[in-house]
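As structure tokens, the structure follows; a few thoughts come after it.
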Amino acid sequence: MLDIQNSPFPSPGDPEAPERHLLLLARQGDAWGLAAARAATESGFEVEQCADAAETLARLDAPAHGEPEVEAVLLVARALTTSRPADVRELSRRTSNAGVPVVVLAEPGVPPSGPLAHLEHVTVVETPPSERVLSAVLTGACRERDTRRRLRELADQLEAAGRREQDLLARVGHELRNPLSAITSALTLIEETEASDEAGPSDTRYREVIGRQIETLRRAVDGLLTVGEQAPASAGNDNREAAIAGRRPAGAAAPPVLLVEDDADGRQALGELLDLWGYRVAVAADGERGLELAGQRVPKVALVDIGLPGIDGYEVARRLRARYPGDEMPLLVAMTGFGQPEDRRRALAAGFDVHLVKPVLPGKLSALLAEACDGDAN
């Protein structure tokens, strides 16, 4: 049931109520027009009467000359007989384009015909009009108009945001393609020199190019995602030296390490690197297989990606944490591309001990593994 008394629209006389102008198209002295004017005034509108469609059109243009904007048009259907059909058509088009609601007072059983018939912004009220009903129709029509305007504004904002996002992605793509191009050329040169047995000082320079460009890519991604973990500017050389220094001594025991990573290239490269460093590596491409391997041999360290197929890395950490008592619990390390503060909090809450953002600096990883596995003899 329509609650007119509790309408959110301002009441007449409210000092904070904005002025709301309504055009009434009715013949002078028309009884329906007079009743409509009273209902509109009671609803908080300032009513301006127009004699025909041409005068109404002129008033709709008035805001360009400093007159108040029109909130709605209320017209008595029988008054249109004195207007030119072309003016009625133009009134229908203008109000529709501007989103101005039109309320038509029509005789019972005789709906309006012509340009104003069956239009979305037109509401028909049968005469004689009830002031309460007419008041509710006017306020409801204006409310709907305001909602449509807000939706249009929101759509415009979303469209503008979409354009800004596309521009940002285009700039990011440009910045990322430059280092990728350098890496591609450097790798090709290494392959060519290896194939011709000419590897030497040039090979070292090409590898240095790859190292610098990888650092450029890492910094670009960190800047894009506002990742807090930053590396020093000389990370390429420092990491290489640290990684070499972090290898386990010849003849030392090879501690078990579990690597769970779904990316095939990343899984192969890191697995071989861990093997080179002197660790006994069990490799899994998904969480279920990782848990199975952990059940066969308890690792000293579990390096687990977060975005895994099937069960994700968070669930792997929770299950490992529940499976082993404290003295047997492996060090759980999240290795992930998710690097926002909330991602770090979520990883620690799931049971991870350490949260590392890809690409993980080799020196940092080797130091972490050495500390966790120091003194292991399994």
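Bear in mind that the values in this text are calculations on the coordinates, not laboratory data. Bear in mind the structure is a predicted one, so any value in this text is a computation, not a measurement. Don't worry about glycine lacking a Cβ; one is built from the backbone with ideal geometry, like all the others, and counts go over all protein chains shown.
Just a few scattered comments:
- For Gln340 and Glu67, the FRET efficiency from 1/(1 + (r/R0)^6), where r spans their Cβ atoms and R0 equals 51 Å, is about 0.45.
- Two-site FRET efficiency, Arg132 against Gln28, from Cβ-Cβ distance with R₀ of 25 Å, rounded to 0.05: 0.45
- Theoretical FRET efficiency, 1/(1+(r/R0)^6), r = Cβ-Cβ of Arg289 and Glu371, R0 30 Å, to 0.05: 0.65
- Contour minus Cα-Cα distance for Ala254 and Ala54 (0.36 nm per residue): 62.6 nm
- The stretch 138-153 versus the stretch 304-378: alpha-carbon centroid distance in Å: 53
- Added length on full extension, which subtracts the Cα-Cα distance from 0.36 nm per residue, Gln166 to Arg205: 10.4 nm
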